[in-house]
Amino acid sequence: MSSLPIVPIAPPAPTVQPPPQGTADCPVAASRASFCSRFPAARHARRVLCLLPLLLIGVWAADNWQVLHDGALQLTTADPGWLAIGAAFTFLCWVSAAFARQGAIPERLPPGLLLASQFAAGAANNVLPAGLGAHAVTLRFLTGRGIPLARATASLALYSLVKPVAKLLLILALLATFPTSLGTADLLPDQGTLLPIALGVTGTVVVVTLVVTFVRPLRRPLLDGLRTALIDARRLHTRPVRVAALWGGAAGFSLCQAAVLASVGASLGLPIAWPDVVFAYLAASAAVGAVPAPAGIGPVDAALVFTLAAMGAPLSLAAATVVGFRVLTVWLPLLPGALVLSMLVRAKVL
């Protein structure tokens, strides 16, 4: 019996499972799926973020419920026609903000989403002080449109710089147009008020200079951001459309806010002319608008009441006008703005 050669049998080739559809050519999706499988709680993070604005607005409304009630009670005796005009000017505030945001960036942004983001930014601005809420929402919107973080931050800096300059130009224009009619005699600060302001501005400049000079980890990002802001500002100011949108939107926002205050005052019978009310708003917001407070509520309100009373309005009527102004510009749009903010987060626009 002849022996046959033994031929080794090769083991079966391992079967290669095809990668899940959509992850073979998308490493970002694969890493996101891996992250979600490792951390199941991450799946619910976006839902929590969608509900967070509503939760914060609810806490704020519960804390200020008495003020809300008093303001609504005051508006029941107001002229509804003037209140409707004030509501229209409130809407124009968001339109002006959207124009200014578009003017601060060279790229063209989708108008509808930009307006919706500014409406949502108004709600976020009532939670965080010094405009941080609006800036955070706008920053997320810009980066979501593909704009690099450095240039998006530079646009926020340019917007923040243009707004007070535009407000100052409006004040000077009012003083030049109505040199004798505006009641500015009682509003000019004395030496005791100017000294702390000058010391505060000087101290801020000194602190910023020292930080940039001696804190090396912050020096390069600050200088890079400043360089980017200067390049974008120079580029924008060579385009007349962007210049008109930036400066016109910044000035229009302040004028529309002042028009809301004047409309509420007219609905309540405030015995002050419209130019005086506009000047009162511009002066009060320019004086204390930089004080960190959610939506400027608090210091700006007190300054508005003081300014209107100094111009001859009864104190109770001046306070009612400011409360009505806050009802139209803050409290009524609060819940719709929070809902829009949640919808934008859920739709991954923010």
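Below, the figures for the structure above:
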read-out: Calculated diffusion of region 117-166, Stokes-Einstein form, Kirkwood radius summed over Cα pairs, 25 °C and 0.890 mPa s, µm²/s; value: 221 µm²/s
read-out: Packing rank of 146-155, 227-236, where each peptide gets the mean count of other beta carbons within 10 Å, highest leading; value: 146-155, 227-236
read-out: Approximate spin-label separation ALA302-LEU175, in nm, with each point projected 7 Å along Cα-to-Cβ; value: 2.5 nm
read-out: FRET efficiency, THR76 to LEU315 (Cβ-Cβ, R0 22 Å, nearest 0.05); value: 0.60
read-out: Whole-angstrom gap from region 299-323 to region 110-146, using each part's C-alpha centre; value: 30 Å
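Bear in mind these aren't lab numbers, they're just calculated from the coordinates by the rules spelled out. From a predicted model like this one, the values you see are computed outputs, not experimental measurements. Cβ sites come from the backbone with ideal geometry, for glycine too, and all protein chains shown count toward neighbours.
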